[in-house]
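What follows is a short report on a single structure.
Quick note: the coordinates plus some simple rules give every number you see, no bench work behind them. Keep in mind the model is a prediction, meaning the values are calculated, not measured. Here the Cβ positions follow ideal geometry from the backbone for every residue, glycine too, while neighbour counts run over all protein chains shown.
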Amino acid sequence: MADEKEQELLDRFRYAVLLEAVRCLDEGISSAREIDIAMRAGAGLPEGPLAAADKTGLDVVLRRLEELEQRWGDRFTPPGRLRELVGAGRTGVAAGRGFLEY
Amino acid sequence: MYVFKAAVLGAGTMGAEIAQVISLSGLPVILKDVDEKQIERGMKHIRGIYARRVQRGRMTEREAEDHMALVTGQLDYQGFSDVDLAIEAVPEKLDLKRAVLQEVEGNLPRTALIATNTSALPVSEIAKGLAKPSRFLGLHFFFPASVMRLVEVIGGEATDEETTDSGVEFVEGIRRIPVRVKECPGFLVNRVLMAGLAEVFRAELDLGLEPSRIDAAVAASGLAPMGPYALADALGLDIAQEVSETLRAAYGDRFDLGGRIAGLIAEGKRGAKSGAGFYTYTG
């Protein structure tokens, strides 16, 4: 089991990757589905960052990003798209829709 | 457009890897370089990949020979008159890439496609000087291409949709996974990955954690197949540095590696391929 420091590091890695993936999505670089495929096939990640966030629950992701933003600054500011999804009840796998559809 | 014959320009490790992937799919491929020694090294590299496939029982010796026979290493443009796709894989220098591409364009049929395997330079910039930039695209293979399944298919400003469509079909034909990516600095995978890597380097300092402990934690968490330091070593620290500089210039300090890699490169440690990086490698 990861200790507190390790957990903090894992979150920072995971959310830095997720936020960059969401920026790419916002800029129309690729679709959500293709971003996840690319990160699996090109970087060997076992799960795409967007699907992983959907699985965690976007409401949980949003709260954690707000904490990270407070502690480490703007680079963790939750993206508008994430707030909209959570506001619309599209909180991920459990809701049937998040960044992706289920 | 269907590709019946391909050429790879630049017989370095990446060029050789790409030529191997193409030959494995059954297509003839020319591996061209300006240096005879480099061609020999490239051909040897490809033979090595096939020999390992034979050792692992994934093909017979005869099959390996048949595939190997599809690769022609050469210095000149002989046989380029029926090449449908030329992929450039020379060092990441804009002037060099442009010169190589302009020269090859004059030796290809008018209908041929030309691609760059750049990971750091803008496709639209490399295209400048080509007579037909509409038939030019980015095909970004990942290292090592013989293992990595993904190819980013990138259209530049002047690229035709038909050209990117053909690029996607070609990638599927050589049994790789194409993902269409709109042109942007770093493209998709390296951009997203380097954002994570830069954050890990910052966290290492903030939290006072050892790289080996970080790698163990990341691997154990199931977030990534290996830790970020091992991954950077596998990617090549020089490549990571080059890509991160492009990204930092384009998007700002979230891509700052904090000099974490620069020091190692200065000591000649360029990752697994050089025998040392964050870790030491033998054999």
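Distant-in-sequence amide contacts of B:ALA115, defined by a placed amide H-H separation under 5 Å and a gap of 5 or more residues or a different chain, comprise B:ALA86, B:ILE87, B:GLU88, B:LEU137.
Normalised radius of gyration (Cα atoms, divided by 2.2 N^0.38 Å) for segment B:85-137: 0.98. With distances taken between every two different alpha-carbon atoms, chain B has a Kirkwood hydrodynamic radius of 19.7 Å.
Which value results for Rg/Rh of chain A when Rg is the Cα radius of gyration and Rh the Kirkwood radius based on the inverse mean 1/r? Provide the component values of the computation, followed by the final result.
On the way: Rg = 13.1 Å, Rh = 13.8 Å.
Value, to two decimals: 0.95.
Each label point was placed 7 Å from the Cα along the Cα-to-Cβ direction; for B:GLU172 and B:GLU40 their separation is 4.2 nm.
Entry note: segment B:23-115 has Rg to Rh equal to 1.02, where both radii use alpha-carbon atoms and Rh is the Kirkwood radius. To test your reading of the geometry: what angle, between 0 and 90 degrees and rounded to tens, separates the Cα axis of helix B:36-55 from the longest principal axis of chain B? Once rounded, one gets 80 degrees.
Put simply, segment B:167-224 fits an ellipsoid with semi-axes of 33, 15, 6 Å; these come from the alpha carbon gyration tensor as the roots of five times its eigenvalues, largest first. Stretching B:VAL147 away from B:GLU267 to a fully extended chain increases their span by 40.3 nm, per 0.36 nm per residue minus the current alpha-carbon distance. Restricting the chymotrypsin sites (Phe, Trp or Tyr not before Pro) of segment B:1-81 to loop positions (DSSP other than H, G, I, E, B) with no more than 15 neighbouring Cβ atoms within 10 Å leaves B:TYR2, B:PHE4.
The modelled label-to-label distance between B:MET1 and B:ARG47, using points 7 Å beyond Cα along the C-beta direction, is 3.4 nm.
Take B:30-42, B:127-139, B:202-214 and order them by the average number of nearby Cβ atoms within 10 Å per residue, most first; the result is B:127-139, B:30-42, B:202-214.
Using a cut-off of under 20 Å, list every residue of segment B:13-57 whose amide N is near the label point 7 Å from the Cα of B:ALA99 along the Cα-to-beta-carbon line. Only B:13, B:15, B:32-39 fall inside the zone, counting backbone N under 20 Å. Between helix B:189-207 and chain B there is an angle of about 20 degrees, using the helix long axis and the longest principal axis of the Cα atoms. Relative to its residue count, segment B:124-276 spans a Cα convex hull of 131 Å³ per residue.
Derived scalar couplings between HN and Hα for segment B:162-168 equal 4, 5, 5, 4, 4, x, 4 Hz in order, rounded to whole Hz, by the Karplus curve 6.51 cos²θ - 1.76 cosθ + 1.60 (θ = phi - 60°), x for Gly and Pro.
Amide H contacts for B:ILE177 (H built 1.01 Å from N in the peptide plane; partners 5 or more residues away or on another chain; cut-off under 5 Å): B:LEU150, B:VAL151.
Compute log10 of I(q)/I(0) for segment B:51-210 with the Debye formula, placing one identical point scatterer on every Cα and leaving out solvent, at q = 0.14, 0.18 Å⁻¹, to two decimals. Debye curve over Cα of segment B:51-210, log10 I(q)/I(0) at q = 0.14, 0.18 Å⁻¹: -0.81, -1.14.
Kirkwood hydrodynamic radius, segment B:189-272, all distinct C-alpha pairs: what's the number in Å?
When all Cα pairs of segment B:189-272 are included, the Kirkwood radius is 12.9 Å.
Taking 0.36 nm per residue of separation and subtracting the current Cα-Cα distance, fully stretching the chain between A:SER31 and A:GLN7 would add 5.7 nm.
For segment B:141-204, taking Cα atoms only, Rg and Dmax work out to 14.2, 46 Å respectively.
What shape does the protein assembly as shown have by the C-alpha gyration tensor, where a ≥ b ≥ c are the square roots of the eigenvalues, rounded means a/c under 1.5, and otherwise prolate means a/b greater than b/c and oblate the rest? If you can, show how the numbers build up before the last one.
On the way: a/c = 1.90, a/b = 1.57, b/c = 1.21.
It comes out prolate by the Cα gyration axes.
Averaging Cα coordinates gives a centre for segment B:209-283 and one for segment B:10-62; these two points are 27 Å apart.
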